[in-house]
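The values are calculated or read from the model by the stated rules, or taken from the named source; none is laboratory data. What you see is a predicted model, and the numbers here were worked out from it, not measured in a lab. Cβ placement follows ideal geometry from the backbone for every residue including glycine, while neighbour counts extend to all protein chains displayed.
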Amino acid sequence: QVQLVESGGGLVQPGGSLRLSCAASGRISRISTMGWYRQAPGKQRELVARFTSGGSTNYADSVKGRFTISRDNTKNMAYLQMNSLKPEDTGVYFCTLIQFTLNYWGQGTQVTVSS
C-alpha cells in the first residue's frame, strides 16, 4: 500500500507564495508519476502539475510560469512551489502517485488565496 500526506496549505494574499509538500510512504517505485490536482468548490478536480519518472513535467496552462513541481526520490517527496497566487487558485490540493496502473491520492490540503 501507498500513503500520501500533503502539507503546506493555508491562507495567502493574492500575489503571495506557498510551497506544498507531499510525503509518500509504503512501496514506492521509481517508475511512477507524482502530481498535484486541485478542486475548487463546485468544480471538478483538475490536474495542476505532474512529474514523471523520466523527469518530464506537465503543467496546466493556468499555472504555467507561476508553479513549479519538483520531486526528491531519495526522500519519496514531491513539492509544488506556487508563486504569484491568484484567487482562482483557491481549492483543495491533492497529491497523487501513479504506479503499476494504480492511482493513489492524499487527503488534500486547503489553499485559500484572498485579501
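Quick rundown of the values:
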item	result
Residues within the stretch 22-53 that are loosely packed, with under 15 Cβ neighbours inside 10 Å, within 19 Å of GLN110 (Cβ to Cβ) and touching a residue at least 40 places away in the same chain (Cβ under 8 Å), tallied	4
Only listed residue being under 22 Å from THR101 (Cβ atoms) and either at pLDDT below 95 or within 11 Å of the chain's Cα centre (by Cα) (or both), chosen from GLY8, GLY35	GLY35
Candidate set from the stretch 57-114 (those that are on the phi > 0 side of the Ramachandran plot, surrounded by 18 or more Cβ atoms within 10 Å (Cβ to Cβ) and assigned to a loop (DSSP other than H, G, I, E, B)); member that is nearest to the chain's Cα centre (by Cα)	GLY108
